[in-house]
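To keep things clear, I will list the structure first and then write my remarks on it.
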Amino acid sequence: MDKNFRIRLGVCFLLIAALGVGVMVRAAFLMLVPSDRLTTAMNRQFRQDPPRMPRRGYILDRNLEPIAVSMEVKSLFANPTKIKKKNEVAHLLAKALRMPVASLREKLKSERGFLWIKRQLSDVELEAIEDLFERHPTLTLALGLDKESKRFYPNQSLASQLLGFTGLDSNGLEGVELFYEKDLGGTTENRKNTDGRTLVLTIDKALQYTLEEELERGLKETGGIAATAMVMDADTGDIVAMASAPTFNPNKFGASNALVRRNRSVTDTYEPGSTMKPILVAGALEAGVVNPKSKVFCEYGRMQIGKHWINESETKDKWGWLTIGQVLQKSSNVGATKIGFLFGPERTYQWYKKMGITERTKVDLPGEAVGSLARPEKWSKILQSNISFGHGLTVTPLQVVRAYAAIANGGHLVTPRLVRQLHSFEGQMLREIPRGEKRQVMSKKTTEILGAMLSAVATDEGTAPKSAIPGFLVLGKTGTSQKPVPGQGYRSGKYMASFVGFVKGVKPNYVTYVMIDEPRFPYYGGEAAGPVFRRIMTAALAREGVSPDLSLIPADSLGKNEVDPNKVQDRFVAMAAAPAPPAALAQADDYWLMPDLSGLTARDVMDLFGGKDLQLRLRGAGNVKRQSPASGSLLKKGDTVLVRLEREEGLP
């Protein structure tokens, strides 16, 4: 072997040795020194992470009180293609999550690179999974935890039909959550998230609470199967409160049925009965076919039309000649029929359409119903008679409220509104939501004449004395309609009882509507719905700081000590100052929402937190002055709540 060959062989050997050493050094570097780039590549190879979702915007009431918020929770996902011992992993997960082994085994058979094992874990489940990962670290190559947003309704059933609810992906499924999904849900473009916007509603949470309490009370008093009510500002169209009963908890919407989730004010139609009579009279006044001095003969309570008979609601009502105002005060069906005949089918039809009857109100809620009203050329005499006193057509409660708002505000048909502002997720005000169309549908003079007529309804001589509010002039109308069965006529003994009205000369100019479905007794609108109207409207006026006019309380009542003016004034002051009390500590799974404890006694606080897995520490005596955490904070099991109580100065 010559010398040159040995040199070349030695050089090759040295190069190979150097290359081997370099590979070994690089391998050691990769194993010992962390690399974000390589970690990302490894994760991409062994598991597929779920996409990041934008945070869902909050929903606040008109006073910026939260009524729908989002919590950060964790969910468990898997890449089944990287799991070899699927049966063993299924048993481990089943024990940690308390899920059936069979269902987990079936999930892990998937050939997909990503799937959810369980969404929105509770604290107990999360702790079990984290413990499992500590004991079996290799599981993290195919399993992982990711942060998600979970919707939480801190007031539980409050405004539930109006708010709606969200699904597991935090997408709106009903109510405001669905209608404003594009704003609340946020967007994702080019892997960049833009958080959802926060909605500020027109709803007053405290009045909403009162309205729902009174609806439940009304059902108990009358034995009704369902009820709905709302309060709307007649001048602006802003809905201040709206609810149906029975209700449901949107935190657990799966435990409810579709019937209780319906927002009856918007989605349900019914025959309105006598609440349509003032709307008919308004059209007749506008057309000049009647005036305040006009009289109609009411046939002593019974009128024949062909082979049919029109009767008053009570056989004792045998009216002769009545003025137009008395027709409304006594709620005469025969009188309304006579006015309807004077007005005529074509004009009645066109007038109802002009007043928004059987037309969409354009409220910002999904699923709005329209109702039904036959074309005038199809009206027989008996159908025209029925339509005159609110049968033979169907409407939504919101359509009725909107029509009465036009009477209350001087003749303008307003568009209902539920959302007043949009804020960024961080809380910066972005824009006002403009109010909808507002158009003149009748003269102010007509509304004044009609208002004077309606003021006689909530009196001892009218059909709704129980709707009267001491110190205020209530203008309204009762409705008692039979429930029809398609193809079978009307159901005997099944009624819809309602009252709709407003208070003259006060601001805000609220119209309040109450309807009880199938009250057993009493079943007339003035007796079943009237008292509920009175309590809700009284609370609404007190909430706005409107004081009663004591000069409107009849002198004979004062003389008989039936109404104490001082007690009336004190009651309004107390109602105005009282916040909506928390019926219970709002909870979703292992979380509670910290309420505002200001002014509560030690006993109140202990009752509120009793039985909860929280550490309550009270200091001092008297009423609550300070608390920690602050109102609106989320509490977990085991958290400590500090409450400081102090006595008012001058009190023992």
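The values are calculated or read from the model by the stated rules, or taken from the named source; none is laboratory data. These numbers were taken from a predicted model, which means no experiment stands behind them. Cβ sites come from the backbone with ideal geometry, for glycine too, and all protein chains shown count toward neighbours. In case anyone asks, the SASA skips ligands and DNA or RNA and just uses the protein heavy atoms, side chains included. Shrake-Rupley method; radii C 1.70, N 1.55, O 1.52, S 1.80 Å.
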For this session: Rounded to whole Å and sorted largest first, list the principal axis extents of the Cα atoms in the range 161-253.
Result: 58, 35, 17
Exercise. Can you give the net charge of the other residues whose Cβ lies under 12 Å from the Cβ of Ser372, counting K and R as +1 and D and E as -1?
Worked result: 0
Problem set entry | Coarse-grained scattering of the range 353-505 at q = 0.12, 0.17 Å⁻¹, given as base-10 log I(q)/I(0) from a Debye sum over alpha-carbon atoms | -0.68, -1.18
Problem set entry | the range 210-244 residues near the modelled Lys483 label - backbone nitrogen below 19 Å, point 7 Å along Cα→Cβ | 215-229, 244
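Only sites in a loop by DSSP and with at most 11 other Cβ atoms within 10 Å count here; which GluC sites (Glu not before Pro) in the range 50-132 make the cut?
Listed in order of number, the matching sites are Glu111.
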Exercise. Leaving out ligands, DNA and RNA but keeping every protein chain, what accessible area does Arg197 have, in Å² rounded to the nearest 10, with a 1.4 Å probe?
Worked result: 90
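If you wrap a convex hull around the Cα atoms of the range 429-551, how much volume per residue is inside, in Å³?
Details: hull volume 23.0 nm³, N = 123.
Considering the Cα atoms of the range 429-551, their hull volume per residue is 187 Å³.
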For this session: Quick one: pull the percent of accessible area on the chain belonging to carbon and sulfur, 1.4 Å probe, ligands and nucleic acids left out.
Result: 53
Exercise. Once mean projected area of the Cα convex hull in nm² is worked out from the coordinates, which option in (1) 31.4; (2) 45.2; (3) 35.1 does it equal?
Worked result: (2)
Problem set entry | Two-site label geometry, Lys307 and Arg119: point separation in nm, points 7 Å out along Cα→Cβ | 5.9
Exercise. So what is Rg over Rh here for the range 457-519, counting just Cα atoms and using Kirkwood for Rh?
Worked result: 1.11
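Provide Rg over Rh for the range 127-284; use the alpha carbon set for both Rg and the Kirkwood Rh (inverse mean inverse pair distance). Before the final figure, lay out each step's value.
Working: Rg = 21.6 Å, Rh = 19.0 Å.
Rg/Rh: 1.14.
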For this session: Using 0.36 nm per residue of separation minus the Cα-Cα distance, give me the extension gain between Asp604 and Leu64 in nm, one decimal.
Result: 191.9 nm
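How large is Rg/Rh for the range 364-450, to two decimals, with Cα atoms and a Kirkwood Rh? Before the final figure, lay out the partial values.
On the way: Rg = 18.2 Å, Rh = 16.1 Å.
So for the range 364-450, dividing Rg by the Kirkwood Rh gives 1.13.
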Problem set entry | Relative contact order of the chain, defined on C-alpha pairs under 8 angstrom at six or more residues apart (%) | 12
Exercise. Which values of log₁₀ I(q)/I(0), to two decimal places, follow from the Debye formula for the range 197-300 at q = 0.16, 0.18 Å⁻¹ with a uniform point scatterer at every Cα?
Worked result: -0.91, -1.03
